[in-house]
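S.K.: Sending over a structure as structure tokens; questions will come in a sec.
Computed from the coordinates by the stated procedures, all read-outs in this text should not be read as laboratory data. These numbers were taken from a predicted model, which means no experiment stands behind them. Neighbour counts run over all protein chains shown; Cβ positions are idealised from the backbone, glycine included.
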Amino acid sequence: MQGEDCGTAASASAGGDSGSDSSGGGDDIDGAGIYNNVCMACHETGAAGAPIRGDEAAWADRVEQGFATLLDHSINGFNAMPARGGNPNLSDAEMEAAYRPHGRAGDGRSRAGRW
Ligand code: HEC
């Protein structure tokens, strides 16, 4: 199924940034793009037992560990979660950008550490 999130098609033309209020971010890493390329294979489908993005129950216990711990697990690996999503070329900053909540503008919730 496609088209759930608008904006996936915008990546071809550079600068398809969210453009919302991310002025504090300071970098222009395309976190959503990294997510779509690397993380989505497991985290959109639940492959290998990955917690699915948007599945509140799957993330509830994990979020309690705090964003820093979860980010650390995503960078260094955690059980079936491969280090850096299996892509060693990703920097820490890129991992954070990929993991930072994104693509849900208008959702109204700030979901620290939860996809
Ligand atoms: C090959 C499949 C796969 C890919 C690709 C993948 N993940 Fe995961 N991820 C998993 C699995 C499986 C778990 C659950 C691990 C567990 O709880 O035992 C997980 C868990 C996580 C967690 C929670 C860790 C915790 O402590 O509960 C985070 C955060 C995460 N992944 C981030 C990412 C990010 C960011 C990317 C992309 C850069 C990514 N993952 C790509 C399979 C994957």
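S.K.: Find, to one decimal place in angstroms, the Kirkwood hydrodynamic radius of segment 27-99, where the mean of 1/r is taken over every pair of different Cα atoms and then inverted.
M.R.: Across segment 27-99, the inverse of the average 1/r is 12.3 Å.
S.K.: I need Met40, Met81 ordered by Cβ neighbour count within 10 Å, fewest first.
M.R.: Ordered by Cβ neighbours within 10 Å, fewest first: Met40, Met81.
S.K.: Moving to a separate point now. Arrange Trp59, Trp115 by Cβ neighbour counts within 10 Å, fewest through most, would you?
M.R.: By the 10 Å Cβ count, ascending, the order reads Trp59, Trp115.
S.K.: Points 7 angstrom from Cα along the Cβ direction at Asn76 and Glu64: gap in nanometres?
M.R.: Placing both labels 7 Å beyond Cα along the Cβ direction yields 2.2 nm.
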